[in-house]
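For reference, the structure discussed in these notes is given below.
The values are calculated or read from the model by the stated rules, or taken from the named source; none is laboratory data. What you are looking at is a predicted structure, and each value in this text was computed from that prediction instead of being measured. As a convention, Cβ positions derive from the backbone with ideal geometry for all residues, glycine included, and neighbour counts pool all protein chains shown. Please note that ligands, DNA and RNA were not included when accessible areas were found on the heavy atoms of the full protein model with its side chains. Shrake-Rupley method; radii C 1.70, N 1.55, O 1.52, S 1.80 Å.
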Amino acid sequence: MYKAVVFFDLDQTLLNDDKQVPPENVAALKALETNQILPVIATGRNYYELADIMAATGVRSAIAANGGDIFLDGDHIFQSVIGEPQLTRFLNTSAAQDIQVAMYNSEASALTGHNQLTTDNYAQVRQTPPPVKPSFYEHEAICMMLMFVPWTDAGDQIGKQFIQDFPEMTFYRNSHYTFDVVNHGISKGSGMAILLNQPSLRGLPTYAFGDGYNDIPLLQAADTGIAMGNAYPKVAAVADYQTDDYRENGIPNALAHFNLI
């Protein structure tokens with residue numbers, strides 16, 4: 001029986017700058033499990049991208065794809081597939097503006113094409129870019145996309161137009177190169193609600209760590225939302241507590257503060 005659930009964002013939260021889980025965070029996760037507390041990864045990444053992190057930490061539960069894909073102890077319990085009509089319309093609109101898109105599900109991904117933004121994005125997250133397969137969506141379920149638009153005034157205007165034109169989707173500015181795109185209403189917060197509806201987790205106290213804009217629904221949904229010391233000001237503003245920077249033992253310090261380890 002678990003006593004509580006703790007949710008962790010990855011980049012600039014659980015991971016270091018080398019995109020690895022540092023030893024102090026691995027030790028903290030192990031201590032949580034010893035104390036019968038369930039650690040859960042809550043990320044914009046997709047489940048297949050978490051294999052190395054899960055191997056290093058032993059964590060097997062995840063809110064992936066910003067809430068579009070959910071796993072409890074390795075079991076796939078939920079997926080929010082983007083519908084074909086709006087998916088086709090979105091991809092056609094993106095192609096008409098020469099915007100590249102990455103399409104994801106829990107097992108694989110593909111790009112509509114390469115450009116400098118795709119190159120820079122995957123270099124930043126230390127990943128090999130997915131293969132270019134524009135027809136990927138025709139034979140694979142898609143639960144999340146990345147729309148490659150720079151974080152500039154011009155890029156933000158493009159984002160605002162897509163948000164207006166595609167109300168059936170939710171857009172998160174999650175990097176300097178991309179918007180994350182999922183079904184409307186899908187978030188890390190909605191993923192938490194679905195996960196906590198599982199019989200073994202109902203009624204348990206929840207804690208959540210994050211730093212970015214897509215973490216706001218997660219921190220708001222948790223009983224105790226914890227912003228990293230490096231969090232954006234708007235993220236820190238919705239948190240119940242702000243810990244230290246991710247490079248300064250922010251996670252172990254907060255877990256100790258709340259007597260979780």
Quick check, is Gly210 closer than 20 Å to Ile70 by Cα and either of a type in the set (S, T, N, Q) or without any contact (Cβ under 8 Å) to a residue 60 or more places away in the chain (or both)? no
Restricting to the stretch 91-126, name every residue that is in contact with an Asp or Glu (Cβ under 9 Å, 6 or more places away or on another chain) and over 30 Å from Gln20 (Cα atoms). Thr93
Checking Leu29 against (1) within 21 Å of Leu195 (Cβ to Cβ); (2) in a helix (DSSP H, G or I); (3) under 18 Å from the mean Cα position of the chain (by Cα), which single condition isn't satisfied? (3)
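Being without any contact (Cβ under 8 Å) to a residue 40 or more places away in the chain, under 21 Å from Ala27 (Cα atoms) and open to solvent by 20 Å² or more (accessible area, probe 1.4 Å) narrows it down to one residue among Asn249, Asn253, Asn197; which is it?
Of the residues listed, the single one that is without any contact (Cβ under 8 Å) to a residue 40 or more places away in the chain, under 21 Å from Ala27 (Cα atoms) and open to solvent by 20 Å² or more (accessible area, probe 1.4 Å) is Asn253.
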Any residue in the stretch 70-99 that's farther than 21 Å from Thr178 by Cβ and at pLDDT 95 or above: show its pairings with residues that are open to solvent by less than 40 Å² (accessible area, probe 1.4 Å) and among the aliphatic types (A, V, I, L, M) at Cβ separation under 6 Å, as long as the two are six or more apart or on different chains. Ile70/Ile63; Ile70/Leu195; Phe71/Ala62; Ile77/Ile70; Phe78/Ile70
All strands (runs of 3 or more DSSP E) inside the stretch 61-102 with 1 or more residues being buried (at least 22 other Cβ atoms within 10 Å of the Cβ), in contact with a Phe, Trp or Tyr (Cβ under 9 Å, 6 or more places away or on another chain) and among the hydrophobic types (A, V, I, L, M, F, W, C): 62-64, 69-72
